[in-house]
1. All but one of (1) exposed (fewer than 14 other Cβ atoms within 10 Å of the Cβ); (2) touching a Lys or Arg at 6+ places or on another chain (Cβ under 9 Å); (3) modelled with pLDDT under 85 hold for D283, so report the exception by its number.
2. For segment 35-44, state whether one or more residues are buried (at least 22 other Cβ atoms within 10 Å of the Cβ) and either in contact with a strand residue (DSSP E or B) (Cβ under 7 Å, 6 or more places away or on another chain) or over 26 Å from G343 (Cα atoms) (or both).
3. So the check is Cβ under 9 Å with 6+ separation or different chains; which pairs have a first residue in segment 300-313 that's free of Cβ contacts under 8 Å to residues at least 24 places away in the same chain and a second one that's open to solvent by 10 Å² or more (accessible area, probe 1.4 Å)?
4. With surrounded by fewer than 21 Cβ atoms within 10 Å (Cβ to Cβ) and in contact (Cβ under 8 Å) with a residue 12 or more places away in the chain as the only criterion, which of R65, R60 stands out?
5. Kindly indicate the residue of segment 214-250 that is among the aliphatic types (A, V, I, L, M) and part of a loop (DSSP other than H, G, I, E, B) and also modelled with the highest pLDDT among those meeting that condition.
6. Just name the residue that is most open to solvent (accessible area, probe 1.4 Å) out of those in segment 289-304 that are over 19 Å from L349 (Cβ atoms) and touching a Leu at 6+ places or on another chain (Cβ under 7 Å).
7. Out of all the residues in segment 123-154, which are under 14 Å from V12 (Cα atoms) and either basic (K, R) or open to solvent by less than 30 Å² (accessible area, probe 1.4 Å) (or both)?
8. Given the structure, is E96 among the charged types (D, E, K, R) and in contact with an Asp or Glu (Cβ under 6 Å, 6 or more places away or on another chain)?
Amino acid sequence: MAHSNTTDVLVVGAGPIGLTAAAELRRRGVSCRIVDRLPARLPFAKAVGIQPRTLEIWDRMGMVRAVLDAAVPLRGQLTYVNGAERPRIDLVLPPEVPYRFAALPQYETERILDEHLGRWGTTVERGTELVSFSQDAHGVTSRLHTPSGAEEELRTRYLVGCDGAHSIVRKGLGLTFEGGAFPQEYMLADVEVDWDLPYGYTLRAMHLDSTGAVDDVFVCIPLPGRGRYRMSMNVPPELSTAERSEAAADGVAHGLQDGRAPQLADIQTVLDRLSPTPTTASDIRWSSVFRISHRIVDRYGHGRVFIAGDAAHIHPPTGAQGMNTGIQDAWNLAWKLALAVEGSAHPGLLPSYDAERRPVGEEVVGRTVRHASAQGVQSDPEDADTLILREAQLLVGYRGSPVVDPPGRGPGPRPGDRAPDCTGLTSPIAAVPLRLGDLLREREHVLLLYGTGLDELARTARESSGGRVGTCVVLPASTPPDTPAGPAVLPTYHDTAGEFARIYAVEAPTAFLVRPDGYLGARLSPPAPQQLAAHLEAVFAPDAGDAGT
């Protein structure tokens, strides 16, 4: 068995979640290898919905432009029940949200993430499979089966399993994966149709039986290309894989199934039965049978080994929550791992990954199961605006996390909430107004100081974090342009349009600590250096303040 040199982190699985984890680790200077047992990317449009929150993440990663070039907009949903059109759902978000809903085939998402990862000289090691691993107090030893047939033993400081519903990493940790399976099976197909339904709208067509229960359903999501959709529909008996799925070695019947792939005639039969307008399907590019389970682990990791994405939670694809939730898992974990590798993380920082992300996974599993068991997302009792914000994943938050301050009371975003974007920020140099997202892009912890005379807070942030917290000053709209905000080295912007003050609900001087993942760790009003230092002590190692000297 070959023995390889130590690297900081091994990422297992090169889907969107593993690629996100590896890219964020490499961007922060962490040495990383990423392996995948498959010899090449799969050409399947499996996960296609891209949420606005995911686009915000990709913006902070510095790769959103490539996605915008490749994706198509999702403007809303058309719903038909027993052939009758129901009210249209338009996906309308507040104007300060910088991105809307989009659709992109999973293989394109993986291509873009793969190319982004390549900026740091890291490539996916294809055809390489994790066989087993063990861990001790100082690291993880993994056995890999390589494309040549040889075995390699790799020593790393941490292991991250992004290896899907049948995760070897999850099994190796002995985690429970409680839940169940839906009896229904679905056909998935990537096809073209010649109907004239409005561009950019998903379609959900249902048939209800005499009791009002859904006994037939057909869902279409637009893809790049004229008349091209990813379609999902019930499986006819002759294509059923139920017996094979239930006999799966690990008992988890989820995802694409082996067996005869649906043909164009199978798709056309469903279209003839449920399509709201006569249409002909053509150019089938890919099809499969899909089974759905709903499960979640009891922990998102143990010791130096962690899991993310489908390895931790699987659920119905209602609302395109799965891949997007997994990407947020990976992003939450990556910045914390990077600090741990550097030796700058407080001992409680890595455990906060489970504390923050597992409740999110539990909520998503429960909500998508409810939606799949009823009549889709629109069956949710929430008002339409809240429902759309939740589906956009803009309401995900970490209030109560052990590494954020107590939320307190009052209007505006609180500790644990997503730091909302805004526009209208100007500087003497920028000729056009900037977004807050422009100030935060590809940065780590940022202290936003609203108002003047907050020099001591900036010093506290620098000294308590060993220089790992940057500072930006936002001046109220009423402040004269030539008013000094503090030391000349601090970047300073004017809230010319008053949007920052409105969205963040501030009138007096206030400080906000924005984490690398775009969530507020602290809101200080009035700004108190001692409170900021106490917050940073819960994030950074006790000696982090010495690292920058």
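The values are calculated or read from the model by the stated rules, or taken from the named source; none is laboratory data. Computed from a predicted structure; not experimentally measured. Please note: Cβ atoms are built from the backbone with ideal geometry, for glycine as well, and neighbour counts cover all protein chains shown. For accessibility, only protein heavy atoms count, side chains too; no ligands or nucleic acids. Shrake-Rupley method; radii C 1.70, N 1.55, O 1.52, S 1.80 Å.
1. In the conditions (1) exposed (fewer than 14 other Cβ atoms within 10 Å of the Cβ); (2) touching a Lys or Arg at 6+ places or on another chain (Cβ under 9 Å); (3) modelled with pLDDT under 85, D283 misses (3) alone.
2. yes
3. Going by the 9 Å Cβ cut-off, there are no qualifying pairs.
4. None of the other options fit; the residue is R60.
5. L223
6. Here the residue is D298.
7. Answer for segment 123-154, where residues must be under 14 Å from V12 (Cα atoms) and either basic (K, R) or open to solvent by less than 30 Å² (accessible area, probe 1.4 Å) (or both): V124, R126, G127, T128, L130, V140, S142, R143, L144, T146, L154.
8. yes
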